[in-house]
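One structure below.
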Amino acid sequence: MTRLRNTASAGAAQWKMWLIRVFLVMYSTAVCGAQTAENVSSTPFSLTSFEPTSMEASTVSVPEPPLPSLELQSSWLEVFPSEKVELRCNISGSSDWKIVWLKDEKELVEEQNLSFSADKSILTITAAAQMISGSYSCKGQHKTSSVGTLSSSSLKVTVYQNTPKATLRQSPNFNKMFPGEQINFTCLVDVASGWEYQWYHNGTKIQALDTYTIASIDHSNSGEYFCKAKRGRGQFYTEQSETTSVQVSDPPTPSLKLLSPWLDVFKGESVHFSCEVSESDWTYSWYKNLHKIEDLEDDESSHNLTSVTQTDRGDYACRAHLKDRGVTSGLSNTATVKVYENTPEPTLSKVPDFTPMYAGETVTFTCTVKMSTDWIYQWYKNGENISSATGKTFSLPLSLSNGGNYSCKATRGETTSTSQSAKIQLDVHEIPVPHLENMTQWLDVFPTESVKLSCWMPRGSGWIFTWYKAGEEVKADDAVSFDPDGSILSISSASAKHEGPYKCKGHLKDRSVSSNTASELTLTVYAKMPSVVLTQDPEYKVMFPGESVSFSCHINVSSGWEFFYNNLKRLSHAGIKYSINSTRPSDKGSYTCQVKRGRNQVFFSNPSQAILLDVKEEHPKPVMSQEPKADKLYVGESVSLDCKVEISSGWEYLWSKDGVALPHRSRTFKIHDANSSVNGSYECTAKREKSAYHTQPSDRRSLQISEIPVPQLKHGWLDVFPSESVRLSCGMEEGISDWTYTWYKDKQKVQADDTLSFDSDARTLSISSAAAKHAGRYSCSGKLKSRPVYSTNSSERTLSVYDTKPRVTLMQEPEYDVMHTWDSVSFSCHINNSSGWEYLWYKDGTPLPLQSGHNYNISSVATKDTGSYTCQVKRGVGVILQSQQSQAVKLDILERPKATILLLTDWSEVFATDSLVLRCEVQASEDKWNYTWFREGNQINEPTSEKHVVTPQNDPKQSLYQCQGIRTGQPSYSKFSDSFKTKNLLLKRRVLLSISGCLFFGLIAVLLGCIVLRFIRKPAVDDDKPEEENLFLTMAQLKDRSDAPDPMVEYLTDEGLNALPKEADENGTLPITTEEGQALTTMSDDTEENKGGLVSFKQ
């Protein structure tokens, strides 16, 4: 009660304080409303100045609001994108105050780049853009009143828009550094502060200081340098600086150059050197024999030795220096100075060293000075200076005026000169001209004859000779040879290649002396052996007994020939002509003639050509031939009959038709523009032109002139589509391969192009890709290949070309969008143009096996037949025409629903009935079905019903049952159910009773035992009491345990019955199936814990 009183009195006091505060606020409002704006601005209202009139109000003291303080929690107020600024606002007694943040005197609200802590005491600013820049402050607002604090001091946040870039400076800033020098790098960022610097050499980080110094640089320090800066915990980085390239090179090696002409000099001459490097700003020092020459200035790039003496001999070199950087190069190349005491004496030589020399030769004098180089030479002939010769050698093409004494001397510079050399005598003579002579009898020779020519010099010795034919040098071969010095040319067996004008000239061995050529001799060599021609008069190859013949022998080259004849043996007659007045068979044979000439060396010509004389005893018969050689001739053709006697020549021919002589005497009888009037039987006879000798008549030849046939035009499809191929053929009824063909379209000749072509005889016209231009009336004509016979045109055939490709339509029968397994379906593909089509089928774009005709049938569909069906047509061979695919017909195949047999007889009814009630239903179907029942595969003759009752009377043998659903819609029937077999119901009923009794009394015994144990067991202390084990489980717990037996399942399944004696099967009349047990098991699973079945004692 005391506690309640205290609580009540405290509540009353609090209400009083609240009432006082309300009156104060009302009073303040009235006072403020009565004042002018000037009074309001000049005299701020303060609760502390108010003096309440009531006794209780005079005791209230209102303190001044605290002034917030603003602190920078992060490192910087100058930030860059992605950096953060953290500000803290502190208000004393902060638990009573709500913190308000301001930017540029405007209140801030939390957004993407501005976030507050839970109590708003900390503001985190993410620098995303320059618009974040500004002056930030905070103030307090009392949580329970309208009182607010003044704003804190402000902090200005600056956000830079761009990431800063570091600046790299190098000192000294030389383009090239030398090993040992010092280099300094400085990295600067000219905005913000707090930067840490990082240095990179060739992309590798090396250190993190403001400056980077290399005290003694070497080649490994060459490369690219750059720096960048970072700051903050978030590791904000600047952009990297521009790259500075440092090149460390060895000091250049100076090049020592000789400015004067020589390093080997004579006393009094001068030597001048220069020392050079490829760069500027270098000074030089000079060395002799590796010792510095001290009396020279260090910056001189040249060194001069004037009027040298023996003391100036030695090896000279130089070095280069950069004094302001302390860099010194290595030694340059060395130059060795030699100093000679005396000038040498020159040596004169002559090449070639022959005496005498001949005009036209070239002689070369050489003046040799064995010391030093760069001499200038002076040459003398007979003591007089040759002003045009200043070189070491002096070459002179010789003439007769060049004979005399020659000498030389050498000079260089203005002070050095040798003495004059010893003299050499030069004698020069004219070159002699050789003589050419013929050593054989003739200069006109025949093949195989020999020839000898001689060439010799009137004076001198040591000459060798060269032979020329028609300006070209003659070389030795198998027919041409020379004696050792070439003075005699021998041709052992002349031929046409040896013919021509011959000359010779002499040469001095091992010298360039050649004489003029001798006067020429022309050798004539006939291209072949002399040709002997044998002639016959008359020129009949075959003679007949009694005719006369004569032979004459002719040669058209030279004279002095002797003639003789041969006919297998030499004939006694020797003269130009040999005659036979009356030929006999014994005169036949091969006749030749031959000529010869000469005495010491007899030359025989080749035999003439042979003339074969044949004397025939039989009477010849002419042979008649026909051109063209055809059995069938056509009207308008030209026919030529030829009559020929195969034996001999000189025949005149006599012609007859049907036994009547024709006025024609030539061998050929021609008929132009033949027609039926020339039909008949022809023969011919021949006689000699120079005698009255007649042959037998020829065999008769019959001429038959026929009319020209008209070709037949054959075709495939004459109505085609664009891009389809067309094939037309043209042919005769007989001899089709003997003709070539010409095609016409609309009376105009058809020419081949890129889409129209013909085969080799133009028998076939092929259009590879039909177009509108190919439409028209086509015909053809024929021409015989072997002769110019032309037929008339065939009958015309009209080719039509459709505007577009064929379109096909796909139809389905029956037209169900959804079908079920085992249904049959047929697709038909229709095209309303042309014929000859082959049908292609596709399912989901994949080709299906071909079926004949335009139908595609599926006798029993399966779920794999689900898909989108299309069809297409094609026709043609080689070039195939295909239509576009038809519209797609979608076919969905669902699994045919299956009937299921359920046992409706409940396990509890087993005690009251001896029959089973079966129910048939279609799985997962809400449609209305009728059902047909089957026993052992035979339909039960009962009205259709979803239920069927099995009794011992109608099923004494434990039969197999099936059912099937039927209906008027789709699907019209279901699958058969699984077989359902009945079991012995009576036996199971007894087993069930036994099990139920055992379970009941067993549970009573267990309950009594538990009660007894409850009283006789000593109770345990609660803390030590073990967890009590559940002796009885609820039905829900039994469901969750896999090892808990289900009595209903055990008694209804076959396993429980198998343990019983076989006599039990005989006591019952109606069995129960396995499905029955399953149904009961399902029923027991669905039973609630407190409804039906066995319930645990524990609740």
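Going by the structure shown, is residue 625 touching a Cys at 6+ places or on another chain (Cβ under 9 Å) and assigned to a loop (DSSP other than H, G, I, E, B)? No, not satisfied. Taking first residues from the range 816-831 that are more than 16 Å from residue 890 (Cβ to Cβ) and open to solvent by 20 Å² or more (accessible area, probe 1.4 Å) and partners that are assigned to a loop (DSSP other than H, G, I, E, B) and aromatic (Phe, Trp, Tyr), the Cβ contacts under 7 Å between residues at least 6 apart in sequence or on separate chains come to 831/837.
Criterion first (under 30 Å from residue 740 (Cβ atoms) and modelled with pLDDT of 90 or more) does residue 642 satisfy it?
yes
When residue 533 is tested against (1) buried (at least 18 other Cβ atoms within 10 Å of the Cβ); (2) of a type in the set (A, V, I, L, M, F, W, C); (3) at pLDDT 90 or above, exactly one condition is not met: (1). Against the test of being over 29 Å from residue 459 (Cβ atoms) and either of a type in the set (Phe, Trp, Tyr) or out of contact with any His (no Cβ under 7 Å at 6 or more places or on another chain) (or both), the options 395, 407, 399 yield a single qualifying residue, 407.
Residue-by-condition table, conditions (1) open to solvent by 80 Å² or more (accessible area, probe 1.4 Å); (2) modelled with pLDDT of 85 or more:
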{"position": "851", "(1), (2)": "no, no"}
{"position": "859", "(1), (2)": "yes, yes"}
{"position": "865", "(1), (2)": "no, yes"}
{"position": "893", "(1), (2)": "no, yes"}
{"position": "910", "(1), (2)": "no, no"}
{"position": "918", "(1), (2)": "no, yes"}
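Looking at the range 247-270, is at least one residue open to solvent by 10 Å² or more (accessible area, probe 1.4 Å), assigned to a loop (DSSP other than H, G, I, E, B) and without any contact (Cβ under 8 Å) to a residue 12 or more places away in the chain? Looking for residues that are open to solvent by 10 Å² or more (accessible area, probe 1.4 Å), assigned to a loop (DSSP other than H, G, I, E, B) and without any contact (Cβ under 8 Å) to a residue 12 or more places away in the chain, one finds none in the range 247-270, hence no. Of the residues making up the range 451-468, those that are more than 21 Å from residue 358 (Cβ to Cβ) and open to solvent by 50 Å² or more (accessible area, probe 1.4 Å) number 1. Among the residues of the range 879-890, is there at least one that is farther than 26 Å from residue 723 by Cα and either touching a helix residue (DSSP H, G or I) at 6+ places or on another chain (Cβ under 7 Å) or not in a strand (DSSP E or B) (or both)? Checked against the condition, which is being farther than 26 Å from residue 723 by Cα and either touching a helix residue (DSSP H, G or I) at 6+ places or on another chain (Cβ under 7 Å) or not in a strand (DSSP E or B) (or both), the range 879-890 yields no hits at all.
Looking across the range 202-213, the residues that are surrounded by fewer than 19 Cβ atoms within 10 Å (Cβ to Cβ) and of a type outside the set (D, E, K, R) come down to 202, 203, 204, 206, 207, 208, 209, 211, 213. When residues in the range 486-513 are screened for being surrounded by fewer than 16 Cβ atoms within 10 Å (Cβ to Cβ) and within 30 Å of residue 356 (Cβ to Cβ), 4 of them pass. Taking the conditions exactly as written (of a type in the set (Asp, Glu), out of contact with any helix residue (DSSP H, G or I) (no Cβ under 6 Å at 6 or more places or on another chain), on the phi < 0 side of the Ramachandran plot and in a strand (DSSP E or B)), does residue 224 satisfy them or not? Spelling it out, residue 224 is indeed of a type in the set (Asp, Glu), out of contact with any helix residue (DSSP H, G or I) (no Cβ under 6 Å at 6 or more places or on another chain), on the phi < 0 side of the Ramachandran plot and in a strand (DSSP E or B).
Which residues, counting only those in the range 398-421, are surrounded by fewer than 15 Cβ atoms within 10 Å (Cβ to Cβ) and at pLDDT 90 or above? Across the range 398-421, the qualifying residue is only 405.
I'd like the residue in the range 298-344 that is under 60 Å from the mean Cα position of the chain (by Cα) and open to solvent by 50 Å² or more (accessible area, probe 1.4 Å) and, out of all such residues, is farthest from residue 215 (Cα to Cα).
Just the residues of the range 298-344 that are under 60 Å from the mean Cα position of the chain (by Cα), to begin with: 320, 322, 325, 327-333.
Within this subset, residues satisfying the condition of being open to solvent by 50 Å² or more (accessible area, probe 1.4 Å) are 325, 328, 331, 333.
Details: 325: 14, 328: 18, 331: 26, 333: 31 Å.
Out of the qualifying residues, it is 333.
Kindly check whether there is at least one residue in the range 661-671 that is under 30 Å from residue 836 (Cα atoms), part of a loop (DSSP other than H, G, I, E, B) and open to solvent by 40 Å² or more (accessible area, probe 1.4 Å). Outline the logic, then answer.
First pass over the range 661-671, keeping only residues under 30 Å from residue 836 (Cα atoms): none.
No, there is no match, as no residue in the range 661-671 is under 30 Å from residue 836 (Cα atoms), part of a loop (DSSP other than H, G, I, E, B) and open to solvent by 40 Å² or more (accessible area, probe 1.4 Å).
I need the full set of residues from the range 568-594 which are at pLDDT 80 or above and open to solvent by 30 Å² or more (accessible area, probe 1.4 Å), in order please. Listed by number, the residues that qualify are 576, 577, 578, 579, 581, 582, 584, 585, 586, 588, 590, 594. When 135, 145, 153 are screened for being outside any strand (DSSP E or B), more than 30 Å from residue 224 (Cβ to Cβ) and in contact (Cβ under 8 Å) with a residue 24 or more places away in the chain, only 153 passes.
If you go through the range 454-475 and keep only what is touching a Leu at 6+ places or on another chain (Cβ under 9 Å), modelled with pLDDT of 90 or more and part of a loop (DSSP other than H, G, I, E, B), you end up with just 474. Taken over the range 690-721, the criterion of being open to solvent by less than 30 Å² (accessible area, probe 1.4 Å) and either of a type outside the set (A, V, I, L, M, F, W, C) or in a strand (DSSP E or B) (or both) is satisfied by 695, 698, 703, 705, 711, 713, 720. Scanning the range 80-131 for residues that are part of a strand (DSSP E or B) and free of Cβ contacts under 8 Å to residues at least 40 places away in the same chain returns 86, 88, 90, 101, 103, 106, 107, 111, 114, 115, 116, 123.
For the range 604-648, filtering for residues that are hydrophobic (A, V, I, L, M, F, W, C), open to solvent by 20 Å² or more (accessible area, probe 1.4 Å) and farther than 18 Å from residue 679 by Cβ leaves 5. Within the range 954-973, residues that are closer than 24 Å to residue 820 by Cβ and open to solvent by 50 Å² or more (accessible area, probe 1.4 Å) reach partners that are among the basic types (Lys, Arg) and in a loop (DSSP other than H, G, I, E, B) with beta carbons closer than 9 Å, at six or more positions or on different chains, in the pairs 967/928; 973/896; 973/967.
The values are calculated or read from the model by the stated rules, or taken from the named source; none is laboratory data. The structure displayed is predicted, hence computed values, not measured ones. Virtual Cβ from ideal backbone geometry, glycine too; neighbours counted across all protein chains shown. All accessible areas refer to the heavy atoms of the entire protein, side chains included, with ligands and DNA or RNA removed. Shrake-Rupley method; radii C 1.70, N 1.55, O 1.52, S 1.80 Å.
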